[in-house]
Each structure stands twice: as structure tokens, then as C-alpha cells.
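Bear in mind that the values in this text are calculations on the coordinates, not laboratory data. As the structure is a computational prediction, the values presented were derived from the model and not from experiment. Cβ atoms come from the backbone with ideal geometry, glycine included; neighbour counts cover every protein chain shown.
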Amino acid sequence: MSYLVIDNVEKYYGLTAALRGLSAEVPKGQWVNITGPSGSGKSTLLNIIGGLDSPSSGEVIIDSLKIHSLPEDELAVFRREKAGYIFQQSYLIPYLNALENVMLAQYFHSMADRKEAEEALKKVGLGQRLFHRPSQLSGGEQQRVCIARALINNPEVLFADEPTGNLDRDNTKVILDLLRELHSEEQFTILLVTHDPFVTNWGQRILSLEDGRIKKDELHA
Amino acid sequence: MKQKWFIFFLSRSLSERKGRVFLSILSVALAVSVIACFISITAGLQEKLGAELKPYGANLIISSSKGEYLDADVIRKVTGIQGVEDASGQTYSIVEIQGHAVEAVGLDFERLKAGGSRIEGKWPSKKYEILTGINLKNALKIKAGEEIILSKEGHEQKYLISGFIEKGGSEDSSMLLSLEDSQELFGLNGKLSAVLARGNSLRLEEIRKRIASELQDVSVKTIKQVASAEMSLLTKMQSLILMVTAVLLFAAVISIGSTTGATVIERRQEIGIMKALGATSKEIDHFYKAEALITGFAGGIAGFIVGYLIAHLVSRSAFGTFGQVPWYVFFISLSLGVLISIVAGYFPVRSMLRLNPAVILRGD
């Protein structure tokens with residue numbers, strides 16, 4: 001059985017269908033880019049797979065865990081133990097510095113460890129910016145803090161929703177290089193939503209959505 | 001260890017958001033100060049009102065349960081009982097004057113005078129000077145300054161009428177003698193017919209029971225007319241305090257609730273990201289409750305100090321005095337600060353926690 005199974009997932013907002021019976025399987029360690037035009041349901045799908053939103057029907061199974069059948073507290077355990085998230089907006093806590101933002105993820109996971117958090121930030125090239133607040137960091141730097149935060153607890157799967165959506169080409173490349181490097185080191189699964197063809201080419205597999213359905217599912221060379 | 005980090009992140013949230021935290025404390029302090037000021041003033045007013053009620057006179061009457069006279073010592077014992085503000089002895093008997101039988105009362109003229117009784121003529125100041133009830137003035141055709149003879153069981157004594165009293169009660173048809181004169185005329189040898197006491201109006205029944213249990217062979221009764229008039233006044237006063245406090249509290253919770261609601265919406269991304277990082281709703285709820293507890297605590301203390309100072313100023317300018325603020329006002333202020341802060345934050349945080357992280361982060 002595949003590591004991640006999307007089983008006939010549907011999502012309705014009132015009468016409007018965002019996902020129409022979508023199914024797919026992802027093996028462990030694969031980098032999957034989810035792409036499609038605006039409104040095709042790619043962010044909705046990512047949120048549902050990542051346990052941040054619930055489907056109207058269907059199920060998502062990750063590592064044999066039916067995540068939408070889990071009680072709320074166990075779903076929280078899934079998020080902190082198995083998943084890491086990066087969003088288009090950085091969503092860093094504004095009153096905490098870069099180091100503390102990473103340590104907050106450690107705190108909810110188990111225990112904050114300053115040294116480990118420092119190492120993670122050094123790994124993403126922010127060794128000199130540990131004590132800067134989000135407002136003192138550039139967009140690219142903020143996203144690198146988010147990568148460090150998402151990966152600090154060694155997640156099995158990384159969910160990234162337009163992580164380079166607010167960045168220029170140079171910063172986009174820096175972030176993607178970094179993700180590629182970390183992915184090859186840690187071998188975690190990546191599900192990355194993007195509408196940018198430049199980003200799409202970085203993954204191993206492309207799931208193209210249109211109108212809430214999978215239009216194309218192809219492996220990338 | 002986990003607690004250490006909880007305190008660390010909490011302290012960062014408070015210290016790095018000084019402006020917001022200051023505003024939260026300020027709004028709690030404002031609400032608490034109004035309530036603390038109101039309670040302080042009214043508590044002082046109640047004390048003042050208690051003093052103002054003294055002219056109503058005694059509200060408890062103590063007599064022998066065996067129909068005998070009481071020892072003068074009873075006054076001292078009653079005065080020593082907690083809650084008793086004043087006590088004095090009285091004697092009653094029927095005496096004869098110009099062939100008529102009249103009720104004579106022996107009492108303390110100074111207390112009668114302090115009670116604001118109206119008299120025609122002068123207050124007795126020497127031995128064998130008496131006051132006569134106004135109704136007897138015409139009935140017996142007597143005048144102030146005249147001498148009359150009162151007799152009791154063969155014992156006669158001449159008295160000078162110094163004035164007439166009009167109180168609207170039974171005194172208006174009685175002869176009023178000093179306690180010593182009456183004991184001499186009635187042959188009581190220092191004994192008393194009854195002791196009239198004044199107890200704290202708010203705890204009258206409790207005081208009545210205490211006197212009855214601490215003294216032997218006595219019957220203690222409430223003078224209903226006085227007690228009920230006082231109680232009604234004080235009860236109205238207390239209801240007023242309660243109602244105004246409830247209205248102020250409600251207004252405070254609503255206004256702070258809307259402010260907190262706006263702050264929680266402003267911090268929704270923080271809640272969303274905490275959920276995405278794997279925090280349980282309980283953990284997030286604890287974090288915001290702890291914040292509310294601290295701001296409520298600080299607001300409660302600040303509110304008490306400000307309220308106390310305002311109450312001081314208002315009382316001084318309006319009533320000329322400012323009594324001791326009861327200790328409980330501080331605890332009420334502190335509790336209200338914490339309560340207002342926690343209740344105001346409870347619903348917005350709760351409603352946010354019910355949502356999925358994606359919905360919170362989207363800001364729907």
C-alpha cells in the first residue's frame with residue numbers, strides 16, 4: 001500500500017464543488033507538485049491531505065492513518081509528529097524572533113531545544129539572522145525560517161502551499177534549491193502546490209488539477 | 001521543563017506586545033476602577049447611613065424572661081456584645097398625679113436629646129426635674145416651671161416640670177424622669193425594667209440571638225417599627241449597589257469582549273499556525289487564558305488603585321469624609337479584573353478554536 005492515499009475526496013462549499021471525487025496514491029519520499037489554474041482546487045486538496053481542513057466526503061490515509069477519522073487531539077498529534085507546513089504567506093509569530101519561531105514548533109512537538117533550532121536555521125543560511133524578528137527579515141528569509149520550522153521535527157511529509165508565490169525568481173530558486181537539498185538528505189515526502197511552471201519542473205511528479213478533478217498525473221524526468 | 005517554555009513564550013507574548021498588553025490592562029483597569037470606586041463610595045455611605053440611622057433609636061429591647069427587674073450590670077454586659085452600638089436602661093411604672101394614674105418612664109435624657117426629640121421648654125438638668133408628655137399638658141393643666149407631686153405606693157416626691165416632649169409615640173402621654181429619680185420613686189434600688197439596645201441594622205437578627213444566648217433569663221425582642229424601617233432603607237441601598245454593579249459589569253464585559261474579539265481576530269493567524277504546528281485546542285486555550293489571567297490581574301490591581309483614588313476624591317468633595325475602604329473591595333477588584341478578562345476572551349478564542357487551521361489562516 002502506498003504511503004499516502006487520497007481516496008475519492010470531495011469538498012463542497014455550500015453548493016459549489018471544489019473537489020469532485022479525487023483519488024491518488026503517493027509513495028514515500030516522492031516530491032509531488034500539484035498544479036492547475038486558479039480555482040482548480042489545488043490548495044483545498046493540499047489542506048485536506050495535510051489535515052488542516054476536512055473533506056465533505058472521502059478519506060486521506062497517511063502511513064495507514066485515516067486522518068479525517070481521527071479525533072481532534074490525535075489529528076493534532078499527526079500534525080506535530082508527521083507533518084510540516086509551509087504557506088505562501090510566512091505566518092511567523094510576529095513577536096518572536098527567527099530562533100523562537102522555530103523553537104515554538106519544537107515546544108508543541110515535545111521540547112524546545114535552542115541548539116537544534118540554531119542548527120536548523122544555519123542549515124537554511126540564516127545563522128546570522130537568528131535574533132531578527134519576522135518584520136526585520138526579507139520575504140525570502142522569512143520563507144527560509146518557515147522551512148526550518150517545518151522541518152525541525154523531522155516530519156515524514158512536507159506540505160507546501162505556493163511557498164514561492166510571494167518571491168522573485170532569485171529567491172524562488174534559493175528556496176527550491178534548499179528544498180531539493182533537504183529532500184535528498186532527509187527523504188521526506190513533499191506535496192507542493194504551485195501555479196508557477198518554473199516551480200513545477202522541480203518535483204518528481206506533477207498532478208495537474210482542473211475544476212476539482214485530476215486532469216493529468218505525470219512523472220517528471 | 002515544558003512549563004518553563006510555556007512561561008517563556010507567554011512572557012515573550014506579553015513583553016513583545018507591550019502596546020496591546022497595555023491597552024488590555026487599561027481597558028480592564030477602567031472597568032474595574034469604576035466598579036471599585038462605586039463599591040468604595042457606597043460602602044462608606046452605608047457606614048455613614050448607619051450613623052445617620054442612630055436617631056431612629058434603639059432597635060432591640062431586653063427584659064427579664066421571668067417578669068422580674070434586671071440588674072444595672074446588664075447594660076455593661078449588653079454593650080460588650082459584638083455588634084451592639086449602644087445600650088441604656090429604662091424603668092416603667094404607673095404613678096399617681098392629681099388623682100390620675102399616669103405612666104412614668106425613667107430614662108437617660110442625654111440619649112433622648114441626642115435622638116433629636118422635640119421639646120417645649122428646657123431639658124432637665126438637675127435632680128427632680130422632669131419632662132411631661134405633651135398630651136398631659138392640657139389634660140392636667142400644667143405648665144413648664146411648675147412643681148408637681150408624683151406618688152407611688154405611698155412614696156411621694158415633688159418634681160419641677162422643665163418642659164414638654166412631643167415624639168408622636170407613647171412618650172407623649174407619659175412622665176419622663178431621669179433613671180436615678182425613677183429608681184428612687186419606684187423603689188427599684190438600682191434595678192431596671194428593661195435595657196434598650198441599638199444593634200447594627202444589617203445584622204440585627206444575629207445580634208438579637210447572640211444577646212439571648214450570652215445573657216441568662218432574658219427575653220430579647222426586635223423593635224419592629226424601627227428595625228423594619230432601617231432594614232428597608234439598607235436593603236434598598238444594597239439592591240441599588242448590586243444592580244448598578246451588575247450593569248457596570250455587563251457593560252464592561254461587552255466592551256472588553258468586543259475589544260478582545262478584535263484582538264483575537266487580529267491574532268487569528270497565530271492561532272491558526274499554532275494549530276498547524278500541532279498544538280491542541282486545550283494548549284492554545286491555556287495560553288490565551290494565562291495571558292488573560294495576567295492582564296486581568298494587573299488590570300484588577302490598577303483598577304483598584306484608580307478606583308480608590310477617585311472614590312477618595314468624590315467622597316471628600318461630596319460628603320466631606322472618606323471612610324475606611326473595606327478590605328474585600330480589593331479582592332472584588334482583583335477577582336473582577338480576572339473574571340472580566342477571562343470571560344471577554346473566552347468566546348472569541350473558543351469560536352476560533354472550533355475552526356480548522358486552514359479556515360483560520362484563510363481568514364474566512
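Can you give the translational diffusion coefficient of segment A:1-54 in µm²/s, computed by Stokes-Einstein from the Kirkwood radius over Cα pairs at 25 °C and 0.890 mPa s? Please report the intermediate quantities before stating the final value.
Values: Rh = 11.9 Å.
Rounded to a whole number, D works out at 206 µm²/s.
Angle of helix A:98-109 to the longest C-alpha principal axis of chain A, folded into 0 to 90 degrees and rounded to 10: 50°.
Measuring gaps between exposed loop sites in chain B (trypsin sites (Lys or Arg not before Pro); DSSP loop; at most 11 other Cβ atoms within 10 Å), the longest gap, sites not included, is B:144-353. Approximating the spin labels as points 7 Å out from Cα along Cα→Cβ, the A:K28-to-B:A72 distance works out to 10.4 nm.
The residue among B:T79, B:V95, B:L112 whose Cα reaches farthest toward the positive pole of the charge dipole of segment B:1-147, with charges on the beta-carbon of Lys, Arg, Asp and Glu, is B:T79.
Full extension of the segment from B:Y346 to B:Q216, taken as 0.36 nm per residue of separation minus the current Cα-Cα distance, would add 41.1 nm. Expressed to the nearest 5 percent, the antiparallel share of DSSP beta bridges inside the protein assembly as shown is 65 percent.
Listed by Cβ neighbour count within 10 Å, with the fewest neighbours leading, A:T44, B:T222 appear as B:T222, A:T44. Using just its DSSP H runs of length 4 or more, each adding -39500 (n - 2.57), the protein assembly as shown gives a mean residue ellipticity at 222 nm of -16000 deg cm²/dmol after division by all residues. Partner shielding of A:148-159 amounts to 1, given as the average count of beta-carbon atoms from other chains within 10 Å of each residue beta-carbon.
Calculated FRET efficiency, B:E147 to B:D108, Cβ-Cβ distance, R0 = 35 Å: about 0.90 to the nearest 0.05.
Reported to two decimal places, what Rg/Rh ratio describes segment B:41-200 when computed on Cα atoms with Rh from the Kirkwood expression?
Working: Rg = 16.7 Å, Rh = 16.6 Å.
Answer for segment B:41-200: 1.01.
Computed over chain B, relative contact order equals 28 percent, with contacts defined as Cα pairs under 8 Å that lie 6+ residues apart.
Cross-link partners among aspartates and glutamates for A:K28, C-alpha distance below 20 Å, same-chain residues fewer than 8 apart left out? Those aspartates and glutamates meeting the cut-off are A:D7, A:E59, A:D63, A:E81, A:E156, A:D161, A:E181, A:E185, A:E186, A:D217, A:E218.
With the gyration tensor restricted to C-alpha atoms of segment A:107-167, the semi-axes of the equivalent ellipsoid amount to 19, 16, 9 Å, longest first.
To the nearest 20 debye, what is the magnitude of the charge dipole of chain B about its Cα centre, counting +1 on the Cβ of each Lys and Arg and -1 on the Cβ of each Asp and Glu? Before the final figure, lay out each step's value.
Details: 41 positive and 35 negative charges, 447 e Å.
In debye, rounded to 20, chain B gives about 2140.
In units of the rule-of-thumb radius 2.2 N^0.38 Å, the protein assembly as shown shows an alpha carbon radius of gyration of 1.70. Taking one quarter of the surface of the convex hull spanned by the alpha-carbon atoms of segment B:1-129 gives a direction-averaged projected area of 18.1 nm².
What ratio of Cα Rg to 2.2 N^0.38 Å holds for chain A? Show your work: numbers first, answer last.
Values: Rg = 16.9 Å, N = 221, 2.2 N^0.38 = 17.1 Å.
In units of the globular-protein estimate, chain A measures up at 0.99.
Counting partner chain Cβ atoms within 10 Å of every residue's Cβ in A:91-99, what's the average?
Numbers: counts 7, 3, 10, 5, 10, 5, 2, 0, 0.
Across the residues of A:91-99, the mean count of other-chain Cβ atoms within 10 Å is 5.
Taking a quarter of the surface of the Cα convex hull of segment A:1-105 gives a mean projected area of 8.1 nm². Straightening the chain between B:S232 and B:R362 buys 40.9 nm, computed as 0.36 nm per residue apart minus the Cα-Cα spacing.
Could you list, in their original order, any pairs among A:K42/A:K122; B:K18/B:K275; A:K11/A:K122 whose Cα atoms are separated by more than 30 Å?
Numbers: A:K42/A:K122 32 Å; B:K18/B:K275 24 Å; A:K11/A:K122 40 Å.
Those over the limit are A:K42/A:K122; A:K11/A:K122.
Within segment B:248-273, name every residue whose backbone N is under 15 Å away from a label modeled 7 Å from Cα of B:L23 along the Cβ vector. What the label zone holds, given the 15 Å backbone N cut-off, is B:255-268. The protection proxy used here, the mean number of other Cβ atoms lying within 10 Å of each residue, ranks peptides B:169-177, A:122-130 as follows, highest first: B:169-177, A:122-130.
State the antiparallel share, in %, of DSSP beta bridges confined to segment B:76-167, rounding to the nearest 5. Show your work: numbers first, answer last.
Values: 18 of 23 bridges.
DSSP beta bridges in segment B:76-167 are roughly 80 percent antiparallel.
Most tightly packed first, judged by the mean number of other beta-carbon atoms within 10 Å of their residues, the peptides B:211-217, B:37-43, B:90-96 read B:37-43, B:90-96, B:211-217.
Take every residue in peptide A:100-109, count the Cβ atoms of other chains within 10 Å of its Cβ, and give the average of those counts.
Average neighbour count from other chains, rounded to a whole number: 5.
For segment A:162-206, the mean projected area of the C-alpha convex hull, equal to one quarter of the hull surface, is 2.9 nm². The calculated FRET efficiency for B:H155 paired with B:A318, based on their beta-carbon distance and R0 = 60 Å, is about 0.60. Relative protection proxy for B:103-109, B:292-298, from highest mean packing down: B:292-298, B:103-109 (other beta-carbon atoms within 10 angstrom).
Report the far tail of the P(r) of chain B, meaning the percent of Cα-Cα pairs longer than 36 Å.
Values: 32606 of 66066 pairs.
Cα-Cα pairs in chain B separated by more than 36 Å: 49 percent.
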